[in-house]
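The block underneath contains the structure these notes are about, expressed in structure tokens.
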């Protein structure tokens, strides 16, 4: 019965969102941009280039495009329904709040996964027909990691939706989260490196600053889901052989960090929703 | 055996005679409303001794230190229509939300069909259909798709959803998204959602809110029909005449405290409210007015055109008619208005609705 209810809520979320014009436009844009990025990356090499060569370009798209799609899908999932009034009717039914959270997450997750699969799938098929000897295994790993980071931002959006009292505040916070992890994070990191003396500037303007790459700089990557996602891509898809990484910064740990990013906000979201007056 | 029943339409008390177990057709002499009466034997009556379907004990809920509901207790019997009234901000919605487990209460106990709403949430909610004050649906889905979703939650069939859509006159809008529905259509769909799955208890929060007169009538008739089926109904409304017409008992909440709970008749007795006689005369004169005013038991006399409005108890009626006749009055028509719920409400809350 519990699975049926979660499934019903998930199905309703899918039906509701695939009719949402905003989501349709974003998904189509994502697919088109993926194709453009994969092609644009190959212009210099005189044609479609190998999949792994375009992954870097595509992951930039993930950073800026997929994050915002995931956050926009989820920030109003709970608070939006509360404000609209449909949540009181839903909770008055023999349904537990945990089932609502899980059903919504799974439904929205399915919509997001579908968007990623369409975008990257179409690009993969097109490139596959153009380029010989494509390493599909690595490409599938890339898609898997992208789905995972998409779900992480969905989870963060759900947390904001449960934690905050107004839909408008949740939207503002979602936008802040987007800027924090995409733009502000790099600035914070740079500032910390300068303050701690890990970037040394020469008095000669022609000499580039020297970066020391301290260990904590890599540890900071666990604190930003996009950096952790970048780590997964670096270790598993691009097969970086950079030997200067500290031992703790490896393929398994970045994956674990992303899993924590997936579940921790969801757990806190459930706790907040459970104690929320509707 | 003799029993007294109350007309559901005009609240007139009708006494009829019959044998145990007999079912009789009756017509209200005052408003011509037709219905059936069963003369139950003692055993049946005892078996039906009403166990409370909603039981609230010492419910308290505060927001930021201010008590929205303060230690209220009441119960609603099986098959009863209970009208819940109160000025804005009195604690009506907080009480309803507490019953449904939508908000965490500070203290107290709430049971629905003997299931504690907080300990056995799912079991308790299986017994309830709810129509919130602000009826809302998933606007990207059609009315039928919305009902299908709720049917899955309640374990009801798709066939029932289709029947309800037809019953509430939404059959022509099967392919229309709810976002394109009018306010009245949304309200009707809200009522359909509440009764979906045939729950034994209905909680209706302002069911007629924003409806046109025909919509209000439809909801009122639906409440009557559901009552006939033995559904317990807890209804909150600002339209006091509507509550008076459909309720067996009313509860009045004011500033978070339940200040009254009883039938309208019993409450008017408690408050010693008197009926209002309206006597229409062919000719009206100062003598007639004085003759009525001189009757000790008459509280108030007002004259408007050829009508005299007299506030007195039922026993004084005959005296009044006699006094008018003696003073030369020629009575064309005589009506008696029982005390209204609005008068009772005003007395308990000191507030207008």
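Key figures for this structure:
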{"item": "Selection count where residues are under 16 Å from residue B:57 (Cα atoms) and either more than 15 Å from the chain's Cα centre (by Cα) or not assigned by TED's automatic domain parsing to the domain that holds residue B:68 (or both), scope region B:257-268", "result": "3"}
{"item": "Of residues in region B:151-160 being more than 7 Å from every other protein chain (Cβ to nearest Cβ) and in a helix (DSSP H, G or I), the one surrounded by the most Cβ atoms within 10 Å (Cβ to Cβ)", "result": "B:151"}
{"item": "Subset of region B:103-134 [at the interface with chain A (Cβ under 7 Å from one of its Cβ atoms), crowded, with 22+ Cβ neighbours inside 10 Å and under 19 Å from residue B:207 (Cα atoms)]", "result": "B:128, B:130, B:132"}
{"item": "Conditions (1) assigned to a helix (DSSP H, G or I); (2) more than 27 Å from residue A:101 (Cβ to Cβ); number of the one not met by residue A:206", "result": "(1)"}
{"item": "Qualifying position, being over 30 Å from residue B:196 (Cα atoms) and touching a residue at least 60 places away in the same chain (Cβ under 8 Å), among B:271, B:311", "result": "B:271"}
{"item": "Residue in region B:235-256 that is more than 22 Å from residue B:36 (Cα to Cα), assigned to a loop (DSSP other than H, G, I, E, B) and over 17 Å from the mean Cα position of the chain (by Cα) present", "result": "yes"}
{"item": "Residue check, residue B:309 closer than 20 Å to residue B:90 by Cβ and not assigned by TED's automatic domain parsing to the domain that holds residue B:77", "result": "no"}
{"item": "Qualifying positions in region A:3-55 - within 14 Å of another protein chain (Cβ to nearest Cβ), at pLDDT below 80 and touching a helix residue (DSSP H, G or I) at 6+ places or on another chain (Cβ under 6 Å)", "result": "A:23"}
{"item": "Search result, residues across region B:296-326 that are surrounded by 17 or more Cβ atoms within 10 Å (Cβ to Cβ) and assigned to a loop (DSSP other than H, G, I, E, B)", "result": "B:298, B:312"}
{"item": "Selection from region A:237-258 of residues that are within 12 Å of residue A:148 (Cβ to Cβ) and surrounded by 14 or more Cβ atoms within 10 Å (Cβ to Cβ)", "result": "A:254, A:255, A:257, A:258"}
{"item": "Every pair of residues 6+ apart whose Cβ atoms lie under 7 Å, when the first sits in region B:166-179 and is over 15 Å from residue B:193 (Cβ atoms) and within 14 Å of chain A (Cβ to nearest Cβ) while the second is loosely packed, with under 15 Cβ neighbours inside 10 Å and at pLDDT below 90", "result": "none"}
{"item": "Residues of region B:263-280 that turn out to be in contact with a helix residue (DSSP H, G or I) (Cβ under 7 Å, 6 or more places away or on another chain) and either under 21 Å from residue B:69 (Cβ atoms) or not in a loop (DSSP other than H, G, I, E, B) (or both), as a count", "result": "5"}
{"item": "Where a residue in region B:147-162 is more than 20 Å from residue A:103 (Cβ to Cβ) and its partner, wherever it lies, is part of a loop (DSSP other than H, G, I, E, B), with Cβ under 8 Å and at least six apart", "result": "B:160/B:196; B:160/B:197"}
{"item": "Qualifying positions in region B:184-202 - within 18 Å of the chain's Cα centre (by Cα), over 16 Å from residue B:150 (Cα atoms) and not in a loop (DSSP other than H, G, I, E, B)", "result": "B:201"}
{"item": "Residue that is within 13 Å of chain A (Cβ to nearest Cβ) and crowded, with 22+ Cβ neighbours inside 10 Å, where the choices are B:146, B:140", "result": "B:146"}
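Residue-wise test of (1) crowded, with 21+ Cβ neighbours inside 10 Å; (2) part of a strand (DSSP E or B); (3) touching a helix residue (DSSP H, G or I) at 6+ places or on another chain (Cβ under 9 Å); (4) facing chain A (nearest Cβ under 7 Å).
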{"residue": "B:84", "(1), (2), (3), (4)": "yes, yes, yes, no"}
{"residue": "B:90", "(1), (2), (3), (4)": "yes, no, yes, no"}
{"residue": "B:94", "(1), (2), (3), (4)": "yes, no, no, no"}
{"residue": "B:98", "(1), (2), (3), (4)": "yes, no, no, no"}
{"residue": "B:136", "(1), (2), (3), (4)": "no, no, yes, yes"}
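The values are calculated or read from the model by the stated rules, or taken from the named source; none is laboratory data. Predicted, not measured: the structure shown is a model, and the values here were computed from it. Glycine gets a Cβ as well: all are built from the backbone with ideal geometry, and neighbour counts include every protein chain shown.
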